[in-house]
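Every read-out reported here was derived from the displayed coordinates using simple, explicitly stated rules and does not represent laboratory data. As the structure is a prediction and not an experimental result, all values here were calculated from the model. A quick note on method: Cβ atoms are made from the backbone with ideal geometry, for glycine too, and the neighbour counts reach across all protein chains shown.
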There are 2 protein chains.
Amino acid sequence: MSISTAPSRFNSKLTSQCQNCSLSALCLPIALADEDINRLDQIIERKRPLKKGEILFHQGQAFDSVFAVRTGTLKTFNITASGEEQITGFYCPSELVGLSGIDNNNYPITAKALETTTVCEIPFSHLENLTSQIPSLKHQLFRVMSRKISDDQQMMVLLGKKNADEKVASFLLNLSNRFKKRGYSATSFRLAMSRGEVGNYLGLAVETVSRVMTRFQKNELIEVDGKEISIINLSEMQKLVGIADDCARIADI
Amino acid sequence: MSISTAPSRFNSKLTSQCQNCSLSALCLPIALADEDINRLDQIIERKRPLKKGEILFHQGQAFDSVFAVRTGTLKTFNITASGEEQITGFYCPSELVGLSGIDNNNYPITAKALETTTVCEIPFSHLENLTSQIPSLKHQLFRVMSRKISDDQQMMVLLGKKNADEKVASFLLNLSNRFKKRGYSATSFRLAMSRGEVGNYLGLAVETVSRVMTRFQKNELIEVDGKEISIINLSEMQKLVGIADDCARIADI
DNA sequence: CGCTCACTTGATTGTGTTCAAAATGTGTGG
DNA sequence: CCACACATTTTGAACACAATCAAGTGAGCG
């Protein structure tokens, strides 16, 4: 469970931090031979932590790397023609950000830290070269990108078809699943993002997010204390987002 | 401009249909040596045409292949828990469908023909093997998937932030761009999908789509004759969706 | 020719937005 | 540590946009 963040080890080329990283099974969920993990490890740069509000990369900036979040949280957003920000995703530890930059060789979105955040920088050209030597790495990369495509499509369903209650419930359950996957509580967690950011992401006004959460609390579905959320009635929440027994991923945003 | 669809050539393993295909520069926009194109060509199966309403693959079905549309149009959709269909995309010639199936080894969506449609089936395991021999093919595949991710994110912006007028205008301009890319008129084209399908895709009711189009026609932005659309005032339409000069892709859904 | 389905148009309703203001929380400098 | 400024969240009231309900029109097809 210990994640090395000591400054002395930034950019360390010592043997396999990846191997010791608690996130290794998730970030690129690779069944790699030790030797291969070492090779992967060598191309990865550990960056100094980003402080809250700091930017990892800018929309339009030349694409070099994808990044794996180690600790903290990022948001990605797009500045629209009218100048407002549209959040396209939140990224928790073990998740990969920047994949949308490959196509045009520049990032189409900005990535910003919501709190103190550390990331592993993975120079994409190195990663791509490495896939020639490690076929299973290539396959995992295809899988990660494919997964992102299906997730985004579920998000489109959410934005296009769901009402405010369903949107907020889906959002909370999605976070819950992501915490659970990393070994944290699925029912009690802290939101790294503001209500405004939640609303922006879900296509709702701040006020609506606040009202929905208050109502959920009144109906004893959740307990809210500022950014701390506890899901009290998980099964009722799941009903709300319309989980079909045979299609659990629908809830997974 | 001639695309061979004669039945006698289905599954033909003769030399390089890909090379002669008018879509070759788009489908996997590859600068491949002739020899490499032949290798790609050999793993591709030309399927018999799908009739309107026929299904290419089902949600939940085991994933084998991605498909390139050669002629016609497909829609992909997701059946939600409540049983309604949410359209996640329309696919025109040269576009690749099925990439979201890689992750879980099954398709998370259904693909259905909107009109008579021919596709090239590309068995993914073969394609993946081929990428080991042709690095530029691998890179193109990463690019295509990356592009899909950015496009979907633009779609999220549309669904989350735009009003009915902007949604419909973005949709029409997006189609316009896609026709243009393939050498067809950017201002005059036929919709393969019904108003209902447009609405479903854009998160709008049928009636709203119809009203917006009627209004656009009254304002002399477009001319509508059933499924035939002509964009009369392209620049005004672009203003409507909020194209920033420095960020043209924003309109590109 | 008659049936069905898709599309259009109108009237009404409702969900979520917007505007406004108060309450709560957070960070900073003295 | 407190006081102050500022941001975030909550709550209330009025409004607006798009959905829904309903009816009518038109096109395609057996």
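One table, with the values for the structure above:
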item	result
Where labels lie 7 Å past Cα in the beta-carbon direction, separation of A:Asn129 and A:Ala205 in nm	5.4
Degrees separating the helix A:206-218 axis from the principal Cα axis of chain A, which is the longest one	70
Residues of the stretch A:181-222 with amide N under 11 Å of the 7 Å Cα→Cβ point at A:Ser22	A:182-185
Per-residue Cβ neighbour rank within 10 angstrom, fewest leading, A:Asp64, B:Asp41	A:Asp64, B:Asp41
Stretch gain in nm, segment B:Glu166-B:Glu223, where the contour uses 0.36 nm per residue and the Cα spacing is subtracted	18.8 nm
Listed pairs A:Lys161/B:Lys161; A:Lys180/A:Lys218; B:Lys51/B:Lys180; A:Lys148/B:Lys162; A:Lys227/B:Lys161 exceeding 18 Å between Cα atoms	A:Lys180/A:Lys218; B:Lys51/B:Lys180; A:Lys148/B:Lys162; A:Lys227/B:Lys161
Loop-resident sites, the stretch B:105-209, for trypsin sites (Lys or Arg not before Pro), counting at most 16 other Cβ within 10 Å (DSSP)	B:Arg182
Value of relative contact order over chain A, rounded to a whole percent, pairs C-alpha under 8 Å and six or more apart	17
Shielding by partners, peptide B:191-203 (average Cβ within 10 angstrom, other chains)	1
Cleavage-rule hits, GluC sites (Glu not before Pro), the stretch A:180-227, DSSP coil, Cβ neighbours within 10 Å at most 16	A:Glu220
Sorted by Cβ density within 10 Å, fewest first, the residues A:Thr88, A:Thr214	A:Thr214, A:Thr88
By average C-beta atoms within 10 angstrom, highest first, the peptides B:105-111, B:231-237	B:105-111, B:231-237
Dipole-positive endmost among B:Asn104, B:Pro49, B:Phe142 within the stretch B:7-148 (Cβ charges, Cα centre)	B:Pro49
Nearest-0.05 FRET efficiency for A:His139 and B:Ala62, computed from C-beta distance (R0 25 Å)	0.90
Helix axis angle, A:135-161 relative to chain A longest principal axis, alpha carbon, degrees	20
Per-copy distances of the A:Val206 label point, shortest first, in nm (7 angstrom along Cα→Cβ)	4.0
In sequence order, calculated HN-Hα J values of the stretch A:180-193 (Karplus, 6.51, -1.76, 1.60; Hz; x Gly/Pro)	4, 4, 9, x, 9, 4, 7, 10, 9, 7, 10, 6, 7, 9
Which of A:Ile43, A:Ile87 has the fewest Cβ neighbours within 10 Å, and the rest in rising order	A:Ile43, A:Ile87
Cross-link reach list, aspartates and glutamates versus B:Lys239, counting only Cα pairs under 17 Å and skipping chain neighbours closer than eight places	A:Glu84, B:Asp165, B:Glu166, B:Glu220, B:Asp252
